[in-house]
């Protein structure tokens with residue numbers, strides 16, 4: 001009994017002292033969760049997985065395109081209003097190629113840490129994409145806007 005307890009404590013100590021992230025932890029898992037949520041049309045989870053800056057950029061873009069106030073648009077996203085599904089998320093799911101990214105990211109070695117704040121995905125054609133990731137609080141968030149639209153504007157949906 002004591003031997004088993006000592007082994008369990010040793011394993012726990014090793015896990016706690018392990019590096020902040022490895023190939024399948026931290027930002028890689030967060031990115032996979034994002035693509036999974038978008039692909040499965042779980043838009044509330046997808047929204048929660050985006051960085052604050054990405055959320056703000058999307059809200060501002062939708063508000064501009066729909067001639068609405070940003071706080072009103074933010075509320076639609078934060079409450080997962082069904083009008084956002086058809087008006088934004090379906091278009092995003094198609095244009096972002098989330099299903100393709102998910103397939104590649106889930107493949108062994110398909111997604112890996114690029115640096116402390118990015119995940120590198122190697123596409124089937126050999127091209128790589130380094131997606132910016134941000135730790136906000138204790139969670140890793142996807143920097144979609146920071147990666148693809150650094151000017152903080154997305155094309156009209």
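At a 10 Å Cβ-Cβ cut-off, how would you order 92, 34, fewest neighbours first? Intermediate results must be reported in sequence, preceding the final value.
Working: 92 17, 34 27.
Neighbour counts put them in this order, fewest first: 92, 34.
You can think of it this way: the chain between residue 56 and residue 107 has 15.3 nm of extra reach, that is 0.36 nm per residue less the Cα-Cα gap.
If N is the number of residues in region 23-148, what value comes out of its Cα radius of gyration divided by 2.2 N^0.38 Å? If you can, show how the numbers build up before the last one.
On the way: Rg = 14.4 Å, N = 126, 2.2 N^0.38 = 13.8 Å.
This ratio for region 23-148 stands at 1.04.
The label point for residue 85 and the one for residue 138, both projected 7 Å from the Cα toward the Cβ, are 3.2 nm apart. In region 70-121, the C-alpha radius of gyration followed by the widest Cα-Cα span (Dmax) gives 15.1, 41 angstrom. Each residue, residue 99 and residue 29, gets one label point 7 Å from its Cα in the Cβ direction; the gap between the two is 2.8 nm.
When only alpha carbons of region 31-75 are considered, Rg and Dmax amount to 11.5, 33 Å. The calculated FRET efficiency for the pair residue 117 and residue 41, based on their C-beta separation and a Förster distance of 35 Å, comes to about 0.80.
Every read-out reported here was derived from the displayed coordinates using simple, explicitly stated rules and does not represent laboratory data. Quantities reported herein were computed from a predicted structural model and do not represent experimental measurements. Positions of Cβ are backbone-derived with ideal geometry, glycine not excepted, and every protein chain shown enters the neighbour counts.
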